[in-house]
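Asks: This is the structure I want to talk about, given as structure tokens.
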Amino acid sequence: MVTVNPYIGSREIAVEIRHLFDSPMDVQADEQWSYGARKKNQRWLWYAIDAATGCILSFVFGRRKEDVCEQLIANLRVFNIRTYYTDDWPSYAAFIPANQHVIGKKYT
């Protein structure tokens, strides 16, 4: 195996990564758009970060559609998420349990 970063695979990093999966965390999810060549050709970056550390937990590129949001939330299932903070885009409510979902711009 070739490792570009010598710290990847080290015991300290393994412990930190394990801690990331086990510890309850609050997640901020949002989306932003850009375009290629023309504004009609919009592409969206959907992302989720750990609110405490700013660590990127997942991201997905695609349209601003429910299936892309669903993929982002599905990617987060490996983490022990306590609360999701999102804006009021309806797709989030379709895939995040209401008791874990805080909607608003304050935390996103």
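Asks: Take the residues of the range 70-108 that are touching a Ser or Thr at 6+ places or on another chain (Cβ under 8 Å) and more than 18 Å from Glu31 (Cβ to Cβ): which is modelled with the lowest pLDDT?
Replies: It comes out as Asn80.
Asks: Would you mention how many residues in the range 35-52 are within 15 Å of Thr83 (Cα to Cα), more than 10 Å from the chain's Cα centre (by Cα) and assigned to a strand (DSSP E or B)?
Replies: Of the residues in the range 35-52, 0 are within 15 Å of Thr83 (Cα to Cα), more than 10 Å from the chain's Cα centre (by Cα) and assigned to a strand (DSSP E or B).
Asks: Further question: Of all the residues that make up the range 34-90, how many are among the aromatic types (Phe, Trp, Tyr) and free of Cβ contacts under 8 Å to residues at least 24 places away in the same chain?
Replies: Final tally of qualifying residues: 3.
Asks: Report yes if Arg38 is under 16 Å from Phe95 (Cβ atoms), modelled with pLDDT under 95 and charged (D, E, K, R), otherwise no.
Replies: Answer is no for this residue.
Asks: Do you know which residues across the range 72-108 are assigned to a helix (DSSP H, G or I) and either charged (D, E, K, R) or surrounded by fewer than 16 Cβ atoms within 10 Å (Cβ to Cβ) (or both)?
Replies: Selection gives Ala74, Asn75, Arg77, Val78, Pro90, Ala93, Ala94, Ala98, Asn99, Gln100.
Asks: May I pose another question? Across the range 24-56, which residue is farthest from Lys106 (Cα to Cα) among those that are surrounded by fewer than 11 Cβ atoms within 10 Å (Cβ to Cβ) and of a type in the set (Val, Ile, Thr)?
Replies: Among those that are surrounded by fewer than 11 Cβ atoms within 10 Å (Cβ to Cβ) and of a type in the set (Val, Ile, Thr), it is Ile56.
The values are calculated or read from the model by the stated rules, or taken from the named source; none is laboratory data. Since the model is a prediction, treat every value here as computed from it, not as a measurement. Cβ: placed from backbone, ideal geometry, glycine included. Neighbour counts: every protein chain shown.
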